[in-house]
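Asker: Here it is: the structure, laid out below.
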Amino acid sequence: MWAKIFILKAIALKYRFVKTKVLGTYLLFFIVVLFSYKLHGQDYDTRAKVKALFIYNFATYVEWPETKKSGDFIIGVFGSYPPLIKILKHVAQTNKVRLQTLKIENYNSVAEIKDCHVLFLIRDKSNQLPAILNKLKGNNTLLITDNKGLGKQRAYISFFAEANKQNFELNKSNIEKYNLKVSSKLLNLAGVLY
């Protein structure tokens, strides 16, 4: 039921979130692929599918400085979340962010973190947020966490589930500190905005 609600919400958001028919069709196709695709015969965790969809869409509705608009578009995952990483890698095979090829990297320590466009911090690594923010200082990296309330503190976007629905909080001022521009469409979709 949760997946059906999300699909209906995503379809409804398609009309609010994307105005051109081409992008709307692309988003609908992407949703269908994520919810119906089985990689190597395995069904993936629904929450991982939803988070992958959100992460990819966040990347398309945030604008990076010119220096980050060439080369690969790197999405990093900090910590162990195999279903999410596999789904993101599958998405990277067939999708781009604007004209940039997607590349998915997994980091297990703060020292391993490279200059990436998006960094997703899994829930059980949230205690390392201060060290990660220190590592990202001066980079134009969109930091996404998996804990409600971190958006109010120092994160940029944080996932949370409420009434069996995936949602997110967004801290616009934290994002803008790193020279990233957030689409007004994304701001309108945030469940909580700081």
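A short reminder: the numbers here are calculations on the coordinates, not readings from a lab. No experiment lies behind these values; they were computed from the predicted model shown.
Asker: Below 8 Å, C-alpha to C-alpha, sequence gap of six or more: please give me the relative contact order for segment 39-115 in percent. If you can, show how the numbers build up before the last one.
Answerer: Values: 71 pairs, mean separation 26.7, N = 77.
Dividing the mean separation by the residue count of segment 39-115 yields 35 percent.
Asker: Now for a separate question. Where a Cα-Cα gap under 19 Å defines reach, which aspartates and glutamates qualify for K152, not counting those fewer than 8 residues away within the same chain?
Answerer: Candidates past the 8-residue exclusion: D124, E162, E169, E176.
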